[in-house]
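What follows is calculated from the coordinates using simple rules that are stated; it is not laboratory data. This is a predicted model, so every value here is computed, not measured. When we count neighbours, we look across all protein chains shown, and the Cβ atoms used for this are built from the backbone with ideal geometry, even at glycine.
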Amino acid sequence: MSSESAITVTVPPALAKIIAETLSPIPADQMEADAPNGLSLPLDGLSVWTDLVEEMRSVFARHDHVRVRGVTHLPGGRVLMALAHTLGRRFMTYGDGKVVKVFSMSPWSRDLAHAGAEGFFHTDLNASPSPPALTGIQCVHPDPGAPRFGYNRVVRLPDLLAELTRRGASEAVRFLTDAEVEMANERSPTIWKSKIVDGGIVRFHPETIRAACRRRGTKPPDDILYTIGDACVAASCPISLGTGDVLLFSNHRTLHYRSECSVRFVRYPLVFEARQINVLHVTDERPHA
Ligand SMILES: [Fe+2]
């Protein structure tokens, strides 16, 4: 299991200032327009930046995820894009050409991504032909109840399989590595069918597996899904993100999770403090050591 300290790279204040000052004059719109073909940034030529990139790549190579602390959040997710560009090349866009999404928790939302209920361990876009290689998150506002609420977990696939094997959960291991499993995104009419771990990519989301079972009229494998979720918790550690902190993880080799979120009402019902993050996806990963 990767510890919180082992996956953390801390940026000194002087470098954080250089990063913010170098990116500030670049409009976020311009970065988003360039991002699908890969970014080229004035930071890339600076030796202090190169040192940070090397440290991030070294942590990522060992753990498949890295948390970067000490950087600031610039509007439009510019720092997040710059850091994600050190590990990945081309960025994904969402229909309207946007690269950076904003997720604001709301006690009044029914959308899973914005509601405060505990999430499931999953990979992003698991029922699509080409799930993104990397996911990046930057904390804009931490959960008001942090660190008890609103934390993440990331589990590496080898650590999950080792934990399941240690527990003698051979059926769950077979389900992940051998079985042909159907997965359906609620918003798509097609059903994806493959092994969950296939061609070096893990695709997993309990809700998409349950949705495919509902469409087929079959019984969902709830016991196995529970066993996998429980082993994911045991094989990972909570990761809290403070303001500006960035978490980058492989969406091909890890599963991730977000805990229950809290809300602090300033004036009920519409004025409240809640977790807000920027999220982006990168199509392909740079080769790393
Ligand atoms: Fe996710």
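Can you give the Rg and Dmax of the chain based on its C-alpha atoms, in angstrom?
For the chain, the Cα-based Rg and Dmax read 19.0, 59 Å.
So how compact is region 152-289: Cα radius of gyration and Dmax in angstrom?
Cα only, region 152-289: 17.5, 52 Å (Rg, Dmax).
Which order do 213, 232 fall in if you start with the one that has the fewest other Cβ atoms within 10 Å?
Ascending Cβ contact count within 10 Å gives the list 213, 232.
Looking at region 157-232, I'd like the Rg to Rh ratio, where Rg is from alpha-carbon atoms and Rh is Kirkwood's inverse mean 1/r.
With Rh from the inverse mean 1/r over Cα pairs, Rg/Rh is 0.97.
Which one of 197, 172, 217 is farthest out on the positive end of the charge dipole of region 157-232, using unit charges on Cβ (Lys, Arg +1; Asp, Glu -1) and the Cα centre as origin?
So the residue we want is 217.
Between 30, 276, 138, which gets the highest mean-square fluctuation from a Gaussian network model of the chain, Cα cutoff 10 Å?
The residue with the greatest mean-square fluctuation here is 30.
If I take all pairs of Cα atoms in region 1-66, what percentage of them are more than 21 Å from each other?
So the portion of pairs separated by more than 21 Å is 38 percent.
Compute the Kirkwood hydrodynamic radius of region 58-152, taking the inverse of the mean of 1/r over all pairs of distinct Cα atoms, and give it in Å to one decimal.
15.4 Å
Counting other beta carbons within 10 Å of each residue's own, what order do 257, 94 fall into, fewest first?
94, 257
Hey, any idea what the orientation-averaged projected area of the convex hull of region 79-202's Cα atoms comes to, in nm²?
10.1 nm²
Counting Lys and Arg as +1 and Asp and Glu as -1, each charge on the Cβ, what is the dipole of the chain about the Cα centre in debye, to the nearest 20?
440 debye
I want the antiparallel fraction of DSSP beta bridges within the chain, as a percent rounded to 5.
Within the chain, antiparallel bridges account for around 95 percent of the total.
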